[in-house]
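Please read the structure below before turning to the comments.
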Amino acid sequence: MTDPARHPDRDRRHWLAQAAGAGLGGLTGILLGGCAPAAPRGPRSSGADRFALGIASGSPQADRVVLWTRLSGPDLAEVVDVQWELALDEGFRQLAARGTEQARAADAHSVHAEPAGLAPGRWYWYRFTALGERSAVGRTRTHPAPGTAPPLRCAIASCQRWDHGHYAAWRHLAQAADRAGGELDLVLFLGDYIYEYGGFPGRVRQHTGGLCRTLDDYRARYALYKSDASLQAAHACCPWVTVWDDHEVDNDYAGLQEQWLNVDFAARRAAAYRAYWEHMPFPKSARPGRDGGMRIFGHGDWGSLARILTVDDRQYRDPQACPRPPRAGSTTVATRDCATLDDPRRSLLGADQEAWLARHWSSTHRWNLLAQQTLMAPMNWNDPASPEGPKVWTDGWDGYPQARRRLLDTLAQRHIPGAVVLGGDVHANYVADLHLDPARPDSPIVASEFCGTSISSEGMAQSRLDAMRPHHPHLHHGRSDERGYVRLEFGPDTLQATLLKVQHPRRPDSAVGISARFAVDARQPGILPP
Ligand code: FE
Ligand code: CA
């Protein structure tokens, strides 16, 4: 590749010489994207902007983290060498690791660098160089070592539909993370990173292209979303742990079943999974294999404080119960009209993943975080006095009540400490107590739930939620009219949760304020006042 230091452009040479040497001094503000929302990347000579899709880090463990980027711009060769550097300091004076990865056309020129053997529990800075250009700088960190228990400050976020709004929530998160007291160790992204839909006229922003079906379609959609400066800044702040939901592939899909029962769905899902791997900071080992599947479930330990379990509720699930033909996806049904709901063989996670989860709850950590996709608390969408009985939405945990029961039983029987269920998907903030028997609010509380609202995707009418609040005593908060994210600070004894709300979701520069705060005691599940 071209040696950037020999690039003919004088300004550029000057910039790179400064960047490579010691004493960045006043240049750091220009060079370091850090968490600034519109990270400038220094002067460009070619105008190609090879790092226009930003950078990211993720899948952290105590000794490793994955560094991600994807090259863009015209005339990229089949294989392009990309240098990466990981430093102990923002000025790259002390390098912890460096290497070269090959960005290949076959992988959409994505890069998944995997520095290992790192020190636990510390911040690192990283950047990439390719084709004479240097990327913005990102900040990342390893999980703390076992036996240590520093607090964990994380955010949960989900559902960033491009054509429903701007990403003021990401802008706020990145800016807050840059200030003392607002630092974030981790973002847990819980699904719907992209939406597969084609463009609709009159929206605040446009999806380019039609409905995503092919690998190229999905790649272009990720490139569109990742062009957003606020999203890039949020990635540059701290490592992310990500799981998908349905819209990374197709609305309401279940395993290999598409909502309209299209027979070519397996190939489409494989393309979508492939594009997901290409665009997320997963290790190379997660790259989908010949069967088209991709394992995204796993766990990480925040020292001895918290175990973080991430699960996949799409790839292995049984189809939604009692669909309304000709469509096969979700619906709302009266439970008395749908015996399938109670079939104990049905699973949201699939038998293997359920067994994996049962084995991986920790009895030695103070907290067990279940990072999953959707609302676990029961919701009856009918009038409680209706002779029809409760009505439930079949796509979420209410559609798989026996599987939910098995999960909650495990928590109760094994006295799993500090169980906190984290979710997204429903475009509303729900804060709830999870009772052992969801139908009986007098049964013991076995976990606390924070189902965070969407970054930008629109929610249902608040009046619908208000109408059902009185007969849902386990709900402490239910707001479908809030966009934003949830900040969670786990200490040894207490979890402090702050729900952040975007004032004007259609404005990129909207203010973001606090909607509500809650707390949880590590020794006693259930939602408390802050
Ligand atoms: Fe969504
Ligand atoms: Ca969803």
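The values are calculated or read from the model by the stated rules, or taken from the named source; none is laboratory data. No experiment lies behind these values; they were computed from the predicted model shown. Here the Cβ positions follow ideal geometry from the backbone for every residue, glycine too, while neighbour counts run over all protein chains shown. For the accessible areas, the whole protein counts, side chains as well, though only heavy atoms, and no ligand, DNA or RNA atoms are used. Shrake-Rupley method; radii C 1.70, N 1.55, O 1.52, S 1.80 Å.
Data overview
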read-out	value
Simple spin-label estimate for H415 and R324 in nanometres, 7 Å along Cα-Cβ	4.8 nm
Nonlocal amide H pairs with T374, under 5 Å, H built at 1.01 Å	G424
For segment 210-222, Karplus couplings with θ = phi - 60° (6.51, -1.76, 1.60), whole Hz, Gly/Pro x	x, 4, 6, 10, 9, 4, 4, 4, 5, 4, 5, 5, 4
Label-point separation, R179 to R440 (7 Å along Cα→Cβ), nm	4.8 nm
Local electrostatic count, S515, Cβ distance below 13 Å [Lys/Arg +1, Asp/Glu -1]	+3
10 Å beta-carbon shell around A116, net charge (K/R +1, D/E -1)	-1
Size descriptor, Kirkwood hydrodynamic radius, that averages inverse alpha-carbon separations across segment 236-372, Å	16.7 Å
Mean-position separation - Cα centroids, segment 255-326 and segment 389-407, in angstrom	20 Å
From phi via Karplus (6.51, -1.76, 1.60), per-residue ³J(HN,Hα) for segment 469-477 in Hz, x at Gly/Pro	4, x, 9, 10, x, 7, 8, 9, 6
Segment 49-142: relative contact order as a whole-number percent, Cα under 8 Å and 6+ apart	35 percent
Nearest-20 debye value, the chain charge dipole, Cβ charges on Lys, Arg, Asp, Glu	920 debye
Accessible heavy-atom area order of Y167, Y316, highest first, probe of 1.4 Å	Y316, Y167
Gained length - N262 relative to V204, 0.36 nm times residue gap less alpha-carbon distance	17.8 nm
Summed residue charge, Cβ within 10 Å of K284's Cβ, Lys/Arg positive, Asp/Glu negative	-2
Trypsin sites (Lys or Arg not before Pro) lying in DSSP loop within segment 117-162, provided at most 13 other Cβ fall within 10 Å	R122
Average Cα contact separation per residue, the chain, under 8 Å, 6 or more apart, as relative contact order %	14 percent
Under 18 Å from the D466 label point (7 Å along Cα→beta-carbon), backbone N, segment 419-435	428-430
Cα-projected label distance for T148 with A119, points at 7 Å along beta-carbon direction, nm	0.9 nm
DSSP-loop GluC sites (Glu not before Pro) across segment 454-530, with at most 16 other Cβ within 10 angstrom	E458
Contact order normalised by residue count of segment 277-354, Cα under 8 Å, 6+ apart, percent	22 percent
Percentage of interatomic Cα-Cα distances in the chain larger than 37 Å	27 percent
Karplus-derived 3J(HN,Hα), 6.51/-1.76/1.60, for each residue of segment 263-269, Hz, glycine and proline x	7, 8, 5, 4, 5, 5, 5
Extended-chain gain in nm, criterion 0.36 nm per residue less alpha-carbon gap, A385 and A358	6.0 nm
Extension gain (nm, one decimal) between R336 and A77, 0.36 nm per residue minus Cα-Cα	87.2 nm
Per residue solvent-accessible surface (Å²) - segment 49-142, probe of 1.4 Å	34 Å²
Tensor-based shape of segment 49-142 (alpha-carbon gyration tensor, a/c under 1.5 rounded, otherwise prolate or oblate)	prolate
Unit charges at the beta carbon, dipole of segment 388-435: most positive-side option, H435, G423, V392	H435
Mean Cβ count within 10 Å, highest first, over the residues of peptides 187-195, 473-481	187-195, 473-481
Rounded if a/c under 1.5, otherwise prolate or oblate - segment 373-530, Cα gyration tensor axes	oblate
